[in-house]
Amino acid sequence: EHYQKWIEHPFTTSTSDGESFSDFTNRINEGWKKVREEMSSSLKTRAAIVTHGGVIRYVLSELAPMKKEFWEWEVLHGMGFEMEWPTLEAFRRGDRCTLLRAVPLTENPHG
């Protein structure tokens, strides 16, 4: 019953012994802030983040050039995205990126 309620209202209901959507997004925002700070302080211009589809959907909903809601983003298994900002300052401020590319899985899916 609780699971069905979460399936029907994922943004307002948490899973049993799980985090709420608000807690989930707060955790992602804190992690993204740390990535921005580390990249800015070390003057790095590229980084790879490996995570699951829910995190990717949230990051895209917040930072992609085109505004889409969380569930509007299609994130297939093994799919990645590359994001670029016009300046380091735009990245530091947390602006939306200006270029987004889907990065296909390069591994042979059949072994």
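The values are calculated or read from the model by the stated rules, or taken from the named source; none is laboratory data. Predicted, not measured: the structure shown is a model, and the values here were computed from it. In this analysis, Cβ positions are derived from the backbone assuming ideal geometry, glycine residues included, and neighbour counts consider all displayed protein chains. All accessible areas refer to the heavy atoms of the entire protein, side chains included, with ligands and DNA or RNA removed. Shrake-Rupley method; radii C 1.70, N 1.55, O 1.52, S 1.80 Å.
Quick one: Debye curve from the C-alpha atoms of the range 45-99, no solvent, what's log10 I(q)/I(0) at q = 0.25 Å⁻¹? For the range 45-99, the Cα-only Debye profile gives -1.08.
Computed 3J(HN,Hα) for the range 63-75, one whole-Hz value per residue from the Karplus formula 6.51 cos²θ - 1.76 cosθ + 1.60 where θ = phi - 60°, is 10, 5, x, 9, 7, 9, 6, 3, 7, 6, 7, 8, 10, glycine and proline marked x.
Only lysine pairs 8 or more places apart, or on different chains, with alpha-carbon atoms under 26 angstrom apart are counted in the chain, and they number 7. Per-atom-type breakdown for the range 48-100 gives carbon and sulfur 56% of the accessible area (1.4 Å probe, protein chains only). One quarter of the convex hull surface built on the alpha carbon atoms of the chain amounts to 8.9 nm², the projected area averaged over directions. Across the chain, Cα pairs under 8 Å and at least six residues apart give a relative contact order of 18 percent. Summarising the label geometry, the points placed 7 Å from Cα in the beta-carbon direction at THR51 and ILE7 lie 2.6 nm from one another.
With the convex hull of the Cα atoms taken as the outline of the range 1-50, the averaged projected area works out to 4.4 nm².
Couplings for the range 29-43, taken from phi via the Karplus curve 6.51 cos²θ - 1.76 cosθ + 1.60 with θ = phi - 60°, read 4, 5, x, 5, 4, 5, 4, 4, 5, 5, 5, 5, 6, 9, 6 Hz in order; Gly and Pro are left as x. Calculated mean residue ellipticity at 222 nm for the chain: -12500 deg cm²/dmol, from DSSP H runs with n ≥ 4 weighted as -39500 (n - 2.57), summed, divided by the residue count and rounded to 500. Since only THR15, LEU63, CYS97 are under comparison, the one whose Cα sits farthest along the positive direction of the charge dipole of the chain, derived from C-beta charges on Lys, Arg, Asp and Glu, is CYS97.
Rolled with a 1.4 Å probe across the full set of protein chains, the surface gives PHE11 an accessible area near 100 Å².
Solvent-accessible area per residue in the chain equals 74 Å², computed with a 1.4 angstrom probe and all protein chains kept.
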